[in-house]
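Participant: Questions regarding the structure given below will be posed in turn.
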Amino acid sequence: MTANILFSARAALWPIYEPLITRYLTKAGISFNLATDFPADQVDYVIYAPDGGIADFTPFTRLKAVLSLWAGVEKIVGNKTLTMPLARMVDHGLADGMTEWVTGHVLRYHLGMDAQIVNPNHDWVFAPAPLAKDRKIAILGLGALGEASARALRTLNFQVSGWSRSPKEIEGVTCHHGADGLSLALNGADIVVLLLPDTPATENILNADTLALLPHGARIINPGRGPLIDDDALLAALESGQVGHATLDVFRIEPLPSEHPYWAHPNVTVTPHIASETRPVTAAQVICENIRRGENGEPFVHLVDPDLGY
Ligand code: NDP
C-alpha cells in the first residue's frame, strides 16, 4: 500500500520538510505520496501544525494518525472531529533548544547579570552570586523538556526539584508529583520554571496562592504556555515584590498585545515564543518513524491522551 501523507503547516515549511521526509521515508522503504493537497478521503497521515488550516477532520475517513509538528497540542486536542490517534512532537532538537534557553535565563537570574549589563551610573558593587549548589530551582513539568532542563541544571550543580502528574525518578532531582507535590516542589524555590502543557488541570497553576509559597523576590521563567499563569496574580506579586522578576515567553494572546502591562513592566522580560522551536532535521525523523510504524502495524510513539489533554 502507498501511504498518502498530507503536509498541513504554514507554506514556508514545505520546502524545508519535503526533502527531509522524502529522504527518511525512502530510506525506511516506505511507499508514499507526499503533498500539501489531497482529497481528504484519500489521506492516511496528516503532518499537522495549527497554522495549516485544518479545523474539521470529519472528511478524513481513512486517516491513520495526525502527527503534530508542535510539542504543545492544546489547539487540536479538544477538536471533537479528531477521532484518530494524535502524536505530539518529541524531538532532540526541541529538547536541546529548550534546555539552552532555560539554562541561559536561569543563569541570568542566578548570576545577577542585569546589574552589570544595565549599569548607567557605573556603580562598582561587589556582590558575587552564591554558588549554584545554594540556589533552588523548581521545574513544574518533568516531561521531555522539563526533564532535559532539570538534568542540565543539575549538571551545573543547582538544587533542582520538580513536579509532574505521575511519579518520576531523575538522578539528583527531588521529584514530587500529584496535588500534594506542588507545594513541596515550590517550597523555597528561588527560581520557578514552567514546562507544563496547557490543559484544564494546569490553567492558572501559578496563582496568588502558589506564588505566596515562594520566598520573597522569587523569579519566574515561563516557556510553557500563557494560561499556566494567572496574569493578574503575577502582576500583583511583581508589585508587592513577592516575585522579583519574570521572564515570559508565552502568553494567552500571541503576539502579546502592545498595551499589555507585561511589555512596560520593569521587572518583566518578554520573549516572543522563541524558547525552542521544532527543528526540521530531527523533527522529520520523528514524523517518519511514526509513519514507518503505522505502515508496519507497530504502535505509534508520543501519543496524546485526549482525556488528559497532553
Ligand atoms: P510532556 O508532555 O513531555 O511533559 C509534560 C509534563 O507536565 C509531564 O511531566 C507531565 O506529567 C506534567 N503534567 C501535565 N499535567 C500535569 C498536572 N495536571 N499536574 C502535574 N504535572 C502535570 O511535554 P514537553 O515537556 O514536551 O512540553 C511541555 C510544554 O512545553 C508543551 O506542552 C508546550 O506547551 C511547551 N513548549 C513551549 C515551547 C516554546 O518555544 N515556548 C516549545 C515547545 C514546547 P507526567 O510526566 O506525569 O505525564
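Participant: Run the simple label-point estimate for Ala115 and Asn207 please: 7 Å along Cα→C-beta, distance reported in nm.
Facilitator: Output for this residue pair reads 3.6 nm.
Participant: Nearest-5 percent of antiparallel DSSP beta bridges in the stretch 95-270?
Facilitator: The answer is about 5 percent antiparallel.
Participant: Provide the FRET efficiency to the nearest 0.05 for the Asp305-Thr282 pair, computing r from the beta carbons and using R0 = 25 Å.
Facilitator: With R0 = 25 Å, the Cβ-Cβ based efficiency is 0.60.
Participant: Once the mean 1/r over all distinct Cα pairs of the chain is inverted, what Kirkwood radius in angstroms do you read off?
Facilitator: 20.9
Participant: Here is a follow-up. Taking only C-alpha pairs under 8 Å that are 6+ residues apart, what is the relative contact order of the stretch 41-192 in percent?
Facilitator: Relative CO of the stretch 41-192 lands at 16 percent.
Participant: Among Ser276, Ser68, which comes first, second and so on when ranked by fewest other beta-carbon atoms within 10 Å?
Facilitator: Sorted ascending by nearby Cβ count, the order is Ser276, Ser68.
Participant: Additional query: Relative contact order for the stretch 245-289 using alpha-carbon pairs under 8 Å, separation at least 6, rounded to a whole percent?
Facilitator: 44
Participant: If you build a Gaussian network model of the chain, linking Cα atoms that sit under 10 Å apart, which residue out of Pro266, Pro128, Pro19 swings the most?
Facilitator: The residue with the greatest mean-square fluctuation here is Pro128.
Participant: How large is ³J(HN,Hα) for each residue in the stretch 137-148, as worked out from phi by the Karplus curve 6.51 cos²θ - 1.76 cosθ + 1.60 (θ = phi - 60°), to whole Hz, x for Gly and Pro?
Facilitator: 10, 10, 10, 8, x, 10, x, 3, 8, x, 5, 4
Participant: May I ask you to work out the translational diffusion coefficient for the stretch 192-288 at 37 °C, viscosity 0.692 mPa s, via Stokes-Einstein with Rh from the Kirkwood sum over Cα pairs, reported in whole µm²/s?
Facilitator: Value of D from the Cα-based Kirkwood radius: 231 µm²/s.
Participant: What share of all Cα pairs of the stretch 95-270, in percent, falls into each consecutive 5 Å distance bin?
Facilitator: Values per bin, smallest distances first: 2, 8, 18, 22, 21, 16, 8, 4, 1, 0.
Participant: Of Val73, Val286, Val118, which is the most mobile in a GNM of the chain whose springs link Cα atoms less than 10 angstrom apart?
Facilitator: Val118
Participant: Which semi-axes, in whole Å and largest first, does the equivalent ellipsoid of the stretch 175-232 have when worked out from the alpha carbon gyration tensor as the square roots of 5 times its eigenvalues?
Facilitator: 16, 14, 11
Participant: Convert each backbone phi in the stretch 202-218 into a coupling constant with the Karplus relation 6.51 cos²θ - 1.76 cosθ + 1.60 (shift: θ = phi - 60°), then list the ³J(HN,Hα) values in order as whole Hz, x for Gly and Pro.
Facilitator: 10, 4, 6, 5, 9, 9, 4, 5, 6, 5, 5, 6, 7, x, 4, x, 4
Participant: Determine which lysines satisfy two conditions relative to Lys133: a Cα distance under 17 Å, and not lying fewer than 8 residues away in the same chain.
Facilitator: none
Participant: Given 20 °C and 1.002 mPa s, compute D for the stretch 1-150 with the Stokes-Einstein relation, Rh being the Kirkwood radius over Cα pairs; round to the nearest whole µm²/s.
Facilitator: 113
Laboratory data are not the source of any read-out in this text; all were calculated from the coordinates shown. Keep in mind it's a predicted model, so treat the numbers as computed, not measured. When we count neighbours, we look across all protein chains shown, and the Cβ atoms used for this are built from the backbone with ideal geometry, even at glycine.
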